[in-house]
Structure formats: structure tokens, C-alpha cells
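Engineer: Quick one: this structure, given as C-alpha cells, is what I'll be asking you about.
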Amino acid sequence: MSDSLVRADSLGERLARTLRDRIVRGEIPPGTHLVEDSVAESFDVSRGPVRDALKLLRLENLVEPQRRGVHVVGLSAADVRELYAIRQAIETLAVTSAIGLGEQRSEAGMLRGLRGMSETATPPRAAEFAEHDLRFHRGIYEASGNRRLLTIWLQIEPLFASMLAVTNSEDEDLGPVCTAHEQLRSSIADGDAGRATSLLTAHLAGSEERMLAALQRIWAATS
């Protein structure tokens with residue numbers, strides 16, 4: 001690892017994102033021992049941002065504390081299933097809450113996400129597309145009017161960002177994903193809770209299966 005990170009105001013979060021991405025992609029495999037001093041030297045930062053980054057990764061259960069530093073746990077199939085089960089529950093509530101608000105809800109976040117997805121779908125720019133994809137879903141939580149629900153989502157959004165970057169990188173055309181998201185937005189706008197929750201369930205199930213398949217390929221390549 002030899003990156004230079006320079007924005008001191010968010011150094012810990014940026015370092016956490018880099019480490020998270022590498023852990024999810026299998027570039028830092030389970031069992032790896034990360035020591036604060038070594039990580040700080042590799043990224044040319046002080047120990048403070050490293051400590052902040054490792055704390056975030058501990059909260060996400062990607063690493064566990066050891067006597068010196070942390071031990072990388074990684075992402076298992078069980079972890080993926082747990083994460084998607086949680087997301088199914090909270091995002092279904094967000095969708096139905098947004099529909100319940102009727103004309104009072106704001107679709108600005110969803111629309112911004114859709115625009116970004118459309119601009120990065122063909123040819124696919126996987127990392128950017130993933131950011132816009134998650135911006136769309138964050139827009140659903142914002143439209144729900146439930147601040148605590150949004151807070152819960154924001155706690156797990158970074159991990160989903162790393163996971164989406166893996167699966168999106170395997171697609172030659174992300175246009176169909178844009179279409180699926182537009183259908184979901186339209187169903188919410190139309191107040192069709194049955195269709196919206198059905199589309200959401202199908203979308204999340206497909207995303208989960210793609211992530212599980214990607215993990216299998218990562219494990220096969222690193223074993």
C-alpha cells in the first residue's frame with residue numbers, strides 16, 4: 001500500500017474508504033494484521049487518521065481488535081445476507097413512508113441520483129455509477145421524512161458503496177440498472193406501494209446474489 005492522502009479534514013474517513021474497498025475486493029485478505037504505525041507509514045499520514053479509520057472499520061465488523069492493531073475479518077457470505085436483510089427492512093419502510101407523505105415528499109435526491117447514473121452508465125464508470133446509485137437510494141430515505149431511518153442508512157451506506165463498486169465493475173452496460181431505478185421512482189411518485197415494494201425486493205435480491213457471486217470469484221482468485 002502506497003497512497004498519499006491529503007485532505008486533513010476527512011483523512012480518517014478517506015483512509016477508511018480505501019481500506020474498506022481493498023478488504024471487500026480481497027486485496028487485504030482475512031487474517032491480515034494491520035498495525036497503526038505500519039498503515040500510517042504506508043499512507044504517509046499520522047496515527048490519528050489511521051486510528052479513526054480502523055475505528056470505523058471495527059464498527060462495520062470488517063476488522064477486530066488485536067493486541068497491536070487489528071485483525072482483518074473481511075466480508076463473508078453470511079455478512080452479505082445480514083446486510084441485505086437489514087437493508088430490505090429499512091428501505092421498505094422508507095419507500096412506504098415516502099408514499100405515505102404524498103405530495104409533501106421531495107424526490108430531489110432520487111432525481112439527482114438518476115441523472116448521475118444515466119451519465120455514467122454507458123460506457124460504464126463503475127465507481128462513479130455506484131456513488132450515484134447510492135445517492136438515489138439515499139434520496140428514498142430523505143423522501144421518507146424519517147430522520148432516524150436516514151441515519152441508520154448512512155451508517156451502512158459506505159459498506160454498500162464498496163460492495164456496489166465490485167459488482168458494477170463487472171457490467172459492460174449499466175443502462176438496465178438505470179431503468180430499474182426509474183421504475184422504482186415512478187412507482188413511489190404514483191403512490192403504488194405494492195409495485196414499489198415488489199420492485200425494491202427484486203432489485204435488492206438481484207444485488208445480493210450478484211455480490212455473493214462476486215465474493216465467490218474473489219475467494220477463488222485469492223485462495
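The values are calculated or read from the model by the stated rules, or taken from the named source; none is laboratory data. Remember, predicted model here, so these are calculated numbers, not experimental data. Quick reminder, even Gly has a Cβ in these numbers, built from the backbone with ideal geometry, and neighbours come from all protein chains shown. Surface accessibility is based on the protein's heavy atoms, side chains included, excluding ligands, DNA and RNA. Shrake-Rupley method; radii C 1.70, N 1.55, O 1.52, S 1.80 Å.
Engineer: Looking at ARG135, ARG112, ARG147, can you tell me which residue is of a type in the set (Lys, Arg) and without any contact (Cβ under 8 Å) to a residue 12 or more places away in the chain?
Structural biologist: ARG147
Engineer: Follow-up question, since we're still on this one. All but one of (1) at pLDDT below 95; (2) buried (at least 18 other Cβ atoms within 10 Å of the Cβ); (3) β-branched (Val, Ile, Thr) hold for ILE188; which doesn't?
Structural biologist: (1)
Engineer: If you scan the stretch 156-176, which residues turn out to be open to solvent by 10 Å² or more (accessible area, probe 1.4 Å), assigned to a loop (DSSP other than H, G, I, E, B) and not charged (D, E, K, R)?
Structural biologist: SER169 - this is the single residue of the stretch 156-176 that is open to solvent by 10 Å² or more (accessible area, probe 1.4 Å), assigned to a loop (DSSP other than H, G, I, E, B) and not charged (D, E, K, R).
Engineer: Would the stretch 147-155 turn up any residue that is charged (D, E, K, R), modelled with pLDDT of 95 or more, open to solvent by less than 30 Å² (accessible area, probe 1.4 Å) and in a helix (DSSP H, G or I)?
Structural biologist: No, the stretch 147-155 has no match at all.
Engineer: Something else: Right, THR222: over 17 Å from ALA94 (Cα atoms), open to solvent by 30 Å² or more (accessible area, probe 1.4 Å) and in contact (Cβ under 8 Å) with a residue 12 or more places away in the chain or not?
Structural biologist: On the way: over 17 Å from ALA94 (Cα atoms): yes; open to solvent by 30 Å² or more (accessible area, probe 1.4 Å): yes; in contact (Cβ under 8 Å) with a residue 12 or more places away in the chain: yes.
Here the answer is yes, as THR222 does meet what is asked.
Engineer: Given the structure, is GLU142 among the charged types (D, E, K, R), in a helix (DSSP H, G or I), within 30 Å of LEU54 (Cα to Cα) and open to solvent by 40 Å² or more (accessible area, probe 1.4 Å)?
Structural biologist: Yes.
One line per residue, one yes/no per condition, for (1) acidic (Asp, Glu); (2) touching a helix residue (DSSP H, G or I) at 6+ places or on another chain (Cβ under 7 Å); (3) part of a helix (DSSP H, G or I):
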position	(1), (2), (3)
ARG14	no, no, yes
ILE28	no, yes, no
GLU41	yes, no, yes
ALA53	no, yes, yes
LEU57	no, yes, yes
HIS71	no, no, no
GLN88	no, yes, yes
GLU91	yes, yes, yes
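Engineer: Restricting to the stretch 37-70, name every residue that is exposed (fewer than 13 other Cβ atoms within 10 Å of the Cβ), within 28 Å of LEU83 (Cβ to Cβ) and among the polar types (S, T, N, Q).
Structural biologist: Within the stretch 37-70, just GLN66 meets the criteria.
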